[in-house]
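The values are calculated or read from the model by the stated rules, or taken from the named source; none is laboratory data. Note that the coordinates shown come from a computational prediction; the quantities given were computed from them, not determined experimentally. Note that each Cβ is placed from the backbone with ideal geometry, even for glycine, and that neighbours are counted across all protein chains shown. Just the protein is used for accessible areas: all its heavy atoms, side chains included, with ligands, DNA and RNA removed. Shrake-Rupley method; radii C 1.70, N 1.55, O 1.52, S 1.80 Å.
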Amino acid sequence: MRFINAKFIKSASQKSEFLNDELPQVAIVGRSNVGKSSLINTLTNNNKLAKTSSTPGRTRLVNYFNIDNKFYLVDLPGYGYHKASKGIANTWDKIMNDYFTDNEKLKLVLLLLDSRVLTTELDKQMMDYLFDKQIPALIVLTKVDKISRSELNLQIDKLSKELRYSKDRIVATSALKKSGVEKIGAILDEYIK
């Protein structure tokens, strides 16, 4: 799958504002500052589509992007930002839980992990949550240009064993080098039909 025409549709702050039309949805989730916006911009080849920031915790809403009128790419709030107040963190948790619960349009979740850090306790909780809800997930390693190829291979081996996850369901990406886009596109083809 190639992303040709991508456009921002809307942001939602609560369940009543979520989109629920005929198009399937692919959600992007991960820790704050893991590179969700950068991945969206890389996949769509549009550096201005999703706002990037060096400050973690900027995505506080559910953001919908229409991809070629085939599906929505949905950017969810990042989790684990330690400077967020407890009230804001609870609001983010509620939005994410509302989005995931009984969402028949959701076909796949791209779970982003920083290739230099791999899994935190929050990442493991997210994996368990998706597994419990029986939501298919693809693990996307970000920022792979910041580590060596041998380090990356070790990280993928470690991650595959730790999460009992097939290596072919772990995609290494770099926004800088625009790598991993074709593999993600091919996997999305399996789910968006």
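Some values worked out for this structure:
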| item | result |
| --- | --- |
| Output for region 136-175, where each listed residue is out of contact with any strand residue (DSSP E or B) (no Cβ under 8 Å at 6 or more places or on another chain) and either of a type in the set (Val, Ile, Thr) or within 19 Å of Ser32 (Cα to Cα) (or both) | Lys146, Ile147 |
| Which listed residue, of Leu122, Leu188, is hydrophobic (A, V, I, L, M, F, W, C), open to solvent by 50 Å² or more (accessible area, probe 1.4 Å) and not in a loop (DSSP other than H, G, I, E, B) | Leu122 |
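Every residue, every condition in (1) without any contact (Cβ under 8 Å) to a residue 24 or more places away in the chain; (2) under 14 Å from Ile67 (Cβ atoms); (3) open to solvent by 20 Å² or more (accessible area, probe 1.4 Å), yes or no:
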{"site": "Ser11", "(1), (2), (3)": "no, no, yes"}
{"site": "Ser32", "(1), (2), (3)": "no, no, yes"}
{"site": "Leu39", "(1), (2), (3)": "no, yes, no"}
{"site": "Thr42", "(1), (2), (3)": "no, yes, no"}
{"site": "Asn46", "(1), (2), (3)": "no, yes, yes"}
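Residue-wise test of (1) more than 30 Å from Leu23 (Cβ to Cβ); (2) part of a helix (DSSP H, G or I); (3) out of contact with any helix residue (DSSP H, G or I) (no Cβ under 9 Å at 6 or more places or on another chain); (4) open to solvent by less than 20 Å² (accessible area, probe 1.4 Å).
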position: Asp98; (1), (2), (3), (4): no, yes, no, no
position: Leu110; (1), (2), (3), (4): no, no, no, yes
position: Leu113; (1), (2), (3), (4): no, no, no, yes
position: Asp128; (1), (2), (3), (4): no, yes, yes, no
position: Ile135; (1), (2), (3), (4): no, no, no, no
position: Val140; (1), (2), (3), (4): no, no, no, yes
position: Asp145; (1), (2), (3), (4): yes, yes, yes, no
position: Lys158; (1), (2), (3), (4): yes, yes, yes, no
